[in-house]
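So the structure is just underneath, and the comments pick up after that.
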Amino acid sequence: MLMQDLFSLEGRVALVTGGSRGIGKMIATGFVEQGATVFISSRSAEDCQKTADELSALGACTALPCDISTVDGCQSLAQQLRERTPTLDVLVNNAGAAWGAPFDEFPEHGWDKVMNLNVRSPFFLTQALHGMLRDAASAEKPAKVINIVSIDGIKNNALETYSYHASKAALIHLTRRLAAQLVRDKIVVTAIAPGPFASKMNRAARDHADQVAAHTPLRRIGTAEDMAGAAVYLASRAGDYVVGETISVDGGIVHASLP
């Protein structure tokens, strides 16, 4: 097999939630450039269509705006996708939320919003799309589910984002449990734990890149190529034998930081 074929996504269909911006857009861009037919979803129909139009200049990208913070929303997105394609090769559960507040003031609605979107939605969207993934999968070409977690689910940081930390740790473990279940259907489940990437959710990396980079062993924040490369690896033939694993893409923060 040629190396360009090892990482190719030609002929594959992918769905990236939260794909209109940030890490989701980085992943969607990489998938389109590697030949996949990509669907992106986000709550904002305007943002979703704008990004789809931009990526369509590189390949096939379609907007499916939807709010997946509820189970009904997950099922609605799955139905929209079924109306446009019979099978799904790659699902990227990227949509997420964060909330920060002092411990004594942390609100229930902030807890529920984050836990629902970051943990419940990936589970129920994967469940709703299980049939499409199973129909696309084979021993020679397994289907893929890639959950976007965070290094905050692996180690603490100083921010009082209690539900975010808990949700990402939960999604890391859920990745392993789903992997054990879905591998029976030739569906490989993995996760990516990003470190500092410039995005609306990570405003520190976006607005103070030099300061954040100074605390990163590699001395820089992540780039779009870093994130796209990891996602393409897991989505392609190259990543077929990686099952249940969470890969930190963080410049060494988790595994190469010294006290």
Work from the charge dipole of the chain (Cβ charges, +1 for Lys and Arg, -1 for Asp and Glu, about the Cα centre) and give the residue of SER138, ASN202, PHE123 farthest towards its positive end.
SER138
Looking only at Cα atoms, what is the convex hull volume of segment 73-158 per residue, in Å³?
97 Å³
Report P(r) for segment 1-117: all Cα-Cα distances, bin width 10 Å, range 0 to the bin holding the largest distance, values in whole percent.
14, 41, 27, 13, 5, 0
What shape does segment 136-243 have by the C-alpha gyration tensor, where a ≥ b ≥ c are the square roots of the eigenvalues, rounded means a/c under 1.5, and otherwise prolate means a/b greater than b/c and oblate the rest?
oblate
May I ask for the distance between the Cα centers of segment 142-182 and segment 221-251, given as a whole number of Å?
15 Å
Across 10 Å bins beginning at 0, the whole-percent shares of Cα-Cα pair distances in the chain come to 7, 32, 39, 18, 3, 0
How long, wide and thick is segment 27-181, going by the Cα atoms along their three principal axes, in whole angstroms, largest first?
48, 37, 28
Per the helix-only model, the chain has a calculated mean residue ellipticity at 222 nm (DSSP H runs of ≥4, -39500 (n - 2.57) each, divided over all residues, rounded to the nearest 500) of -12000 deg cm²/dmol
Would you kindly state how much longer the chain becomes between LYS155 and ASP185 on full extension, computed as 0.36 nm times their sequence separation minus their alpha carbon distance, in nm to one decimal?
7.6 nm
With each label point set 7 Å from Cα along the Cα-Cβ vector, what nm distance links LEU6 and ARG134?
3.3 nm
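Read the figures in this text as sums done on the coordinates, not as results from a lab. As the structure is a prediction and not an experimental result, all values here were calculated from the model. Cβ sites come from the backbone with ideal geometry, for glycine too, and all protein chains shown count toward neighbours.
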